[in-house]
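**Q** The following block contains the structure, expressed as structure tokens.
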Amino acid sequence: MAKKQRLLTGLQPSGQLHIGNYLGALKPFADTYGEYESFLMVADYHALTTIKYPEQLRENTIDVVADYIAAGVNPAQAVIFKQSDVPEHTELAWIFECLVTVPFLMQAHAYKDKVGKGLEANAGLFNYPMLMAADILMYDTDLVPVGEDQRQHVEYAREAAAKFNAAYGETFKEPKDKIIKSVGTVPGIDGRKMSKSYGNTIPLFGTDDAIRTAVMGIVTDSRKSGEPLDPEKDTVFGLHRLFSGAQIVDLEKRYLAGSIGYKESKELLAENIIASVTPMREKRAALSRKSILKILADGGEVAREHASKKIKIVREKIGVTFT
Ligand code: ADP
Ligand code: TRP
């Protein structure tokens with residue numbers, strides 16, 4: 001049997017997820033990671049560029065692991081670990097930083113966007129792509145599943161590999177991105193893209209009531225009940241497409257016939273969302289903090305075993321060790 005390709009992705013522990021994150025990122029990952037030798041890394045050192053509260057970082061780290069397991073990632077089928085447990089990553093990042101130039105890093109989106117908004121960036125944010133390159137290259141990764149926004153950072157990893165290989169001889173594999181094909185853009189309750197920065201989200205692991213409240217708050221036009229509704233222009237209907245399965249055919253008929261009002265449509269949607277997230281929510285609730293810490297500790301050991309072998313080769317090549 002052919003050797004499986006190696007896949008690695010990193011997740012910033014950034015807080016509560018919404019159903020857009022689930023359909024756009026978690027589910028596509030959970031549906032495909034099993035075909036590869038997969039590594040799932042919590043990028044806690046990347047998060048340190050923004051999160052300054054230790055308790056929040058701890059809590060978010062546990063949460064993100066729980067989210068992925070609840071979404072269907074089996075810890076027995078992937079190495080789940082956190083970046084800070086493998087100090088070789090920050091060591092390798094430093095080595096890459098000595099190979100790339102300041103103008104090159106100045107083009108990176110994470111840094112450019114922040115400065116573009118007139119905000120001050122810390123040096124960690126500036127060097128961020130080289131830490132990400134280290135995360136990826138450390139494991140001879142073939143594929144990096146990421147959202148479109150991270151495409152450029154994977155290119156930076158390829159560039160770091162090429163620079164190192166040119167300077168010291170073939171050492172790192174150049175990885176490819178695997179842009180996650182989501183269901184498209186999940187609309188938020190105001191009809192724009194669902195995003196935590198717009199405050200228009202339906203929470204993934206919220207209580208039934210939190211989901212109902214968000215759904216009942218979806219903005220609709222002012223058509224009265226009894227009037228036909230336009231399924232193409234209605235956010236509620238857009239979400240039905242994602243959550244209401246075979247009911248969609250009947251719903252469309254009722255929309256066009258004017259035999260359903262927004263209130264009923266929303267109530268049905270809320271129940272369908274609740275029904276589809278309930279098993280995940282239950283799975284998540286059954287995960288103890290202790291079991292998650294154990295998953296991270298075990299994964300950290302496996303990752304470190306790989307990383308310590310790789311960094312040994314790197315140290316020899318750059319001339320900091322003696323034989
Ligand atoms: P937010 O916009 O809420 O800050 P993030 O940028 O943290 O979300 O998104 C993380 C990932 O979740 C993205 O790479 C994207 O794949 C997915 N995602 C976020 N919002 C949506 C959405 N509305 N529809 C589809 N996918 C989304
Ligand atoms: N920078 C990525 C993000 O913000 C997270 C990340 C860190 C990552 N290291 C990685 C993603 C390595 C893929 C591979 O989403």
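The values are calculated or read from the model by the stated rules, or taken from the named source; none is laboratory data. Nothing here was measured: the structure is a model prediction, and the numbers come from that model. Using ideal geometry, Cβ is built from the backbone for each residue, glycine included, and neighbour counts are taken over all protein chains shown. Surface areas here come from the heavy atoms of the whole protein model, side chains and all, with no ligands, DNA or RNA. Shrake-Rupley method; radii C 1.70, N 1.55, O 1.52, S 1.80 Å.
**Q** Given +1 on the Cβ of Lys and Arg, -1 on the Cβ of Asp and Glu, and no further charges, what dipole in debye does the chain carry about its Cα centre, rounded to the nearest 20?
**A** Values: 41 positive and 42 negative charges, 33 e Å.
Dipole of the chain, to the nearest 20 debye: 160 debye.
**Q** Please report the base-10 log of the normalised intensity I(q)/I(0) for the stretch 74-177, using a Debye sum with one equal scatterer per alpha carbon and no solvent, at each q in 0.10, 0.22, 0.23 (1/Å).
**A** Values returned for q = 0.10, 0.22, 0.23 Å⁻¹ are -0.29, -1.25, -1.32.
**Q** Extending each Cα 7 Å along its Cβ direction at residue 167 and residue 4, get the distance between those two points in nm, one decimal.
**A** Here the modelled spin labels are 3.4 nm apart.
**Q** So which lysines pass the test for residue 233, namely a Cα distance under 25 Å, with those fewer than 8 places away in the same chain ruled out?
**A** 181, 193, 196, 224, 253, 263, 266
**Q** Name the residue, out of 206, 118, 188, whose mean-square fluctuation peaks in a Gaussian network model built on the chain with Cα pairs under 10 Å.
**A** Maximum fluctuation in the GNM of the chain, among the listed residues, is at 118.
**Q** For the stretch 206-283, which semi-axes, largest first and in whole Å, follow from the square roots of 5 times the eigenvalues of its Cα gyration tensor?
**A** Working: eigenvalues 107, 37, 15 Å².
Over the Cα atoms of the stretch 206-283, the ellipsoid semi-axes are 23, 14, 9 Å.
**Q** Pop out the carbon and sulfur fraction of the accessible area of the chain as a percent, whole number, probe 1.4 Å.
**A** Values: 8840 of 16270 Å².
With neighbouring chains kept in place, the figure for the chain is 54 percent.
**Q** When DSSP beta bridges are limited to those with both residues in the chain, what percentage is antiparallel, rounded to the nearest 5? Working shown, then result.
**A** Working: 2 of 18 bridges.
Of all bridge pairs located within the chain, approximately 10 percent are antiparallel.
**Q** Additional query: What are the semi-axes of the equivalent ellipsoid of the stretch 1-85, taken as the square roots of 5 times the eigenvalues of the Cα gyration tensor, listed largest first and rounded to whole Å? Please report the intermediate quantities before stating the final value.
**A** Working: eigenvalues 112, 46, 19 Å².
Equivalent ellipsoid of the stretch 1-85: 24, 15, 10 Å, largest first.
**Q** Between helix 247-257 and the chain, what is the angle of the helix's C-alpha long axis to the longest principal axis, kept within 0 to 90° and rounded to the nearest 10?
**A** 50 degrees
**Q** At a Förster radius of 35 Å, what calculated FRET efficiency corresponds to the Cβ-Cβ distance of residue 148 and residue 58, to the nearest 0.05? Intermediate values should be presented prior to the final figure.
**A** On the way: r = 30 Å, r/R0 = 0.85.
It comes to 0.75.
**Q** Further question on the same structure: Quick check for you: with a 1.4 Å probe and neighbouring chains kept, what is the accessible area per residue of the chain, in Å²?
**A** Details: 16270 Å² over 323 residues.
Counting only protein heavy atoms, the per-residue value for the chain is 50 Å².
**Q** So what's the angle, to the nearest 10 degrees on a 0 to 90 scale, between helix 151-168 and the longest Cα principal axis of the chain?
**A** 10 degrees
**Q** Over the stretch 154-234, what number does the Rg to Rh ratio reach, with both radii from the alpha-carbon atoms and Rh per Kirkwood? Write out the running numbers ahead of the final one.
**A** Working: Rg = 22.7 Å, Rh = 17.1 Å.
Using Cα coordinates only, the ratio equals 1.33.
**Q** Calculate, for residue 249 and residue 104, the FRET efficiency according to 1/(1 + (r/R0)^6) with r their C-beta to C-beta distance and R0 45 Å; round to the nearest 0.05. Walk me through the intermediate numbers first.
**A** Numbers: r = 53 Å, r/R0 = 1.18.
Here the calculated transfer efficiency is 0.25.
**Q** List the pair-distance distribution P(r) of the chain, using every Cα-Cα distance, as the percent of pairs falling in each 10 Å bin from 0 up to the bin containing the longest distance, rounded to whole percents.
**A** Reading the bins upward from 0: 5, 23, 29, 22, 13, 6, 2, 0, 0.
**Q** HN-Hα J couplings of the stretch 122-135 from phi, Karplus 6.51/-1.76/1.60, θ = phi - 60°, integer Hz, Gly and Pro as x?
**A** Ordered by residue, 3J(HN,Hα) equals 7, 5, x, 5, 4, 8, 2, x, 7, 5, 5, 4, 4, 3 Hz.
**Q** Which of the trypsin sites (Lys or Arg not before Pro) found in the stretch 3-56 are in a DSSP loop and have at most 16 neighbouring Cβ atoms, other than their own, within 10 Å?
**A** Sites meeting the loop and neighbour criteria: 3, 4, 52.
**Q** Okay, moving on. Note the angle between two axes, namely the Cα long axis of helix 88-97 and the longest principal axis of the Cα atoms of the chain, as a number of degrees from 0 to 90, rounded to the nearest 10.
**A** Relative to the chain, helix 88-97 is tipped by roughly 80 degrees.
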